[in-house]
Amino acid sequence: SMQCLPGLVLALSSLLGALALLQLSLYLRVPSRYGKHEERLCRPRGRLPARCAWFLQELPSFLVPALLLALRSPPRLEPLGCRLLCCLFCWHYFYRTFIYPFFTRGRPFPLQLLFFGMLFCIYNGFLQGYYLIYCAEYPNDWCTDIRFTSGLLLFLLGMGINIHSDLLLRQLRKPGEVTYKIPQGGLFTYVSGANYFGEIVEWFGFAIATWSPPAFAFAFFTLCCIGPRAYHHHRYYLKTFTDYPKSRKALIPFIF
Ligand code: NDX
């Protein structure tokens, strides 16, 4: 049966950190090509409806850790922290896999990115799940440790912001519409990338609560992946709408 290989965890976490840097260097100058940054003349055959694409892409991030948690024998009952943290991770991806896609009004998604996105979700789902189920060691009172409680709070706050902002974006369109409008309300009052800000806060909260290399590597990856995207969204809005609110920042309220 499976057991903890600390070297494997460290290697996979480092690779995730390296991928994050690669993304940062790729996507600071040009945005990743989906949604509003997709090139106009892209072949329609190379795409899948947003609904299927997001479902397929995110599913492994739910399934892999959920299976690791369910199938471990003997089941890991102690300490409580590990199962709780693994459930938080699965909870986010339950939303992203089974709820978000069914309401999205996004444009068809490029197959090529879907493929890489899915690979990424398998990789990360395995790394986070494997670490929490087979490797993590916490003292029995971890659930009252300041890192766990403050991290959990940030996670919940970030998830709330993310889900609320996704909802506000969705309401900008009627079903079938594919045009872009100026997002209003919630944290969009302050930043163009409110959904991304929420997601980043969420995963840094998770990293603090988990206090582990894999979780910090993933938070850093998230920052490098959607941070630049928030910046490109911001530039797109400034270019497209002359009446775009001047005081709005790209990603971090009042700062950047
Ligand atoms: N999926 C994370 N890298 C990614 C897909 C792309 O979950 O090769 C990372 C995720 C993947 C990426 C994933 C990993 C890295 C990949 C990358 C592609 C290339 C890259 C594989 C897996 C890669 C290397 C080199 C390392 C191998 O029509 P539309 O779609 O634009 O409509 C949008 C709509 N909308 C508007 N509607 C009206 N008016 C407006 N002004 C509108 N603005 C937007 O709202 C969408 O339907 C919807 C949301 O759009 P947008 O662009 O704001 O968000 P989106 O980027 O689609 O993300 C959706 C949610 C969001 O909550 C975000 O926080 C979360 O997913 N997310 C997204 C990406 C990654 C991630 C979280 C994470 O890293 N944690």
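For Glu58, are the conditions met, namely being of a type in the set (Asp, Glu) and either within 16 Å of the ligand (Cβ to nearest atom) or over 23 Å from Gly151 (Cα atoms) (or both)? Show your work before the answer.
Working: of a type in the set (Asp, Glu): yes; either within 16 Å of the ligand (Cβ to nearest atom) or over 23 Å from Gly151 (Cα atoms) (or both): yes.
Judged against the criteria, Glu58 is a match.
Within the stretch 102-116, is there a residue that is surrounded by 18 or more Cβ atoms within 10 Å (Cβ to Cβ) and of a type in the set (S, T, N, Q)? For the stretch 102-116, residues surrounded by 18 or more Cβ atoms within 10 Å (Cβ to Cβ) and of a type in the set (S, T, N, Q): present. Using the structure shown, decide if Glu202 is out of contact with any Ser or Thr (no Cβ under 7 Å at 6 or more places or on another chain), of a type in the set (D, E, K, R), in contact (Cβ under 8 Å) with a residue 40 or more places away in the chain and outside any helix (DSSP H, G or I). It is false that Glu202 is out of contact with any Ser or Thr (no Cβ under 7 Å at 6 or more places or on another chain), of a type in the set (D, E, K, R), in contact (Cβ under 8 Å) with a residue 40 or more places away in the chain and outside any helix (DSSP H, G or I). The condition of being among the small types (Gly, Ala, Ser) and near the ligand (Cβ under 8 Å from one of its atoms) holds for only one of Gly117, Gly125, Gly158, that being Gly117. Listed by first and then second residue, the pairs with beta-carbon distance under 7 Å, at least 6 apart or on different chains, first residue in the stretch 52-63 and under 15 Å from Gln128 (Cα atoms), second within 11 Å of the ligand (Cβ to nearest atom) and of a type in the set (Lys, Arg), are Glu58/Arg96. Tallying residues that are away from the ligand (no atom under 11 Å from the Cβ) and either free of Cβ contacts under 8 Å to residues at least 12 places away in the same chain or among the hydrophobic types (A, V, I, L, M, F, W, C) (or both) within the stretch 1-51 yields 19.
Every number in this text was worked out from the coordinates using simple rules, so none of it is lab data. Here the structure is a predicted model, which means the values were calculated and not measured. Quick reminder, even Gly has a Cβ in these numbers, built from the backbone with ideal geometry, and neighbours come from all protein chains shown.
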